1. Residues being within 13 Å of Ser94 (Cα to Cα), surrounded by 14 or more Cβ atoms within 10 Å (Cβ to Cβ) and not hydrophobic (A, V, I, L, M, F, W, C): count how many of those fall in the range 130-154.
2. Exactly one of these conditions fails for Gly15: (1) more than 19 Å from the chain's Cα centre (by Cα); (2) under 16 Å from Leu225 (Cβ atoms); (3) surrounded by fewer than 16 Cβ atoms within 10 Å (Cβ to Cβ). Give me its number.
3. Out of Gly114, Gly39, I need the residue that is under 30 Å from Gln157 (Cβ atoms), small (Gly, Ala, Ser), at pLDDT below 95 and part of a helix (DSSP H, G or I). Which one?
4. Regarding the range 53-74, can at least one residue be identified that is touching a Phe, Trp or Tyr at 6+ places or on another chain (Cβ under 8 Å) and closer than 22 Å to Ala165 by Cα?
5. Let me spell it out: the conditions are (1) assigned to a loop (DSSP other than H, G, I, E, B); (2) under 26 Å from Leu31 (Cβ atoms), and Leu160 meets all of them except one. Which number is the exception?
6. Does the range 142-162 hold any residues that are over 14 Å from Ile80 (Cα atoms) and within 17 Å of the chain's Cα centre (by Cα), and which are they?
7. Tell me, which residue of the range 155-182 that is of a type outside the set (A, V, I, L, M, F, W, C) and without any contact (Cβ under 8 Å) to a residue 60 or more places away in the chain is surrounded by the fewest Cβ atoms within 10 Å (Cβ to Cβ)?
8. Please go through the range 195-252 and pick out each residue that is part of a strand (DSSP E or B), of a type outside the set (Gly, Ala, Ser) and over 15 Å from Leu31 (Cβ atoms).
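The values are calculated or read from the model by the stated rules, or taken from the named source; none is laboratory data. All figures in this text were calculated on a predicted structure; none of them were measured in a lab. Reconstructed Cβ throughout: ideal geometry from the backbone, glycine too, with neighbour counts over all protein chains shown.
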Amino acid sequence: MALLEIKDLCISFGGLQAVQNFSISIEQNQLYGLIGPNGAGKTTVFNLLTGVYKPTSGSITLDGQGISGKSPMEINKSGIARTYQNIRLFSNMSVLDNVKVGLHNQIKYSAFSGIFRLPSYWKQEKLMNERALKLLKVFDLEHQSKNLSCNLPYGKQRKLEIVRALATNPKLLLLDEPAAGMNPNETAELMNTIKFIRDEFNIAILLIEHDMRLVSGICEQVAVLNFGSELTHGNTNEVLKDPRVITAYLGE
């Protein structure tokens, strides 16, 4: 059974069919790309997968469990985490606390314990600190743990957002244009980071990206959206050579 099954997914906003009859299947540990021109519906698909939007029709199944129409919190606990096209860190919180936010879907003390700072609260806080620092160390950010996230360089802010998503313990990680705003050296480092995440954390990754060098360099399969409909999908190298894909990006 595939990790993620999307079948005939549709959503309409009034008379606008933003996504129509979109279907893909993502296997365990697969690196999958979702590409298409601006306005094709890619981020809308991410919003459907994470519960921000409710589909008009179609189904989404994660690891055998139907998640269509569930709340973002329920979907996150089921095993989907995401980053955003525009970085959405808590800029006035420390690097460490940004990661701990992601760990709170696994919290095991009650509100009562938290309010009165009972021993169970301090025990869980200690465990979260240790877990957060361990994740930061994996990405060479532990020495920045006490700094405000807004003071990190752009590339490290991108990396921190990925660390925060990983803290939720996902089965599937969604990356929305992770290379946006990066220079070639940062993009090359990001490619290695994404491969490392897939192997180290044993998860599947679905990413939206316009940098075709990144897509061709790491994605095993890719799907192409155009005007809300799937244009094609399959092996990355074959898809990127498809005349229909070239036309969708560059015009006639």
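1. Residues meeting the conditions: 5.
2. Unmet for Gly15, out of (1) more than 19 Å from the chain's Cα centre (by Cα); (2) under 16 Å from Leu225 (Cβ atoms); (3) surrounded by fewer than 16 Cβ atoms within 10 Å (Cβ to Cβ): (2).
3. Among Gly114, Gly39, only Gly114 is under 30 Å from Gln157 (Cβ atoms), small (Gly, Ala, Ser), at pLDDT below 95 and part of a helix (DSSP H, G or I).
4. No, the range 53-74 has no match at all.
5. Only one criterion is unmet by Leu160, namely (1).
6. Gly155, Lys156, Gln157, Arg158, Lys159, Leu160, Glu161
7. Among those residues, the one meeting the criterion is Gly181.
8. Matches in the range 195-252: Val224, Leu225, Asn226, Glu230, Leu231, Thr232.
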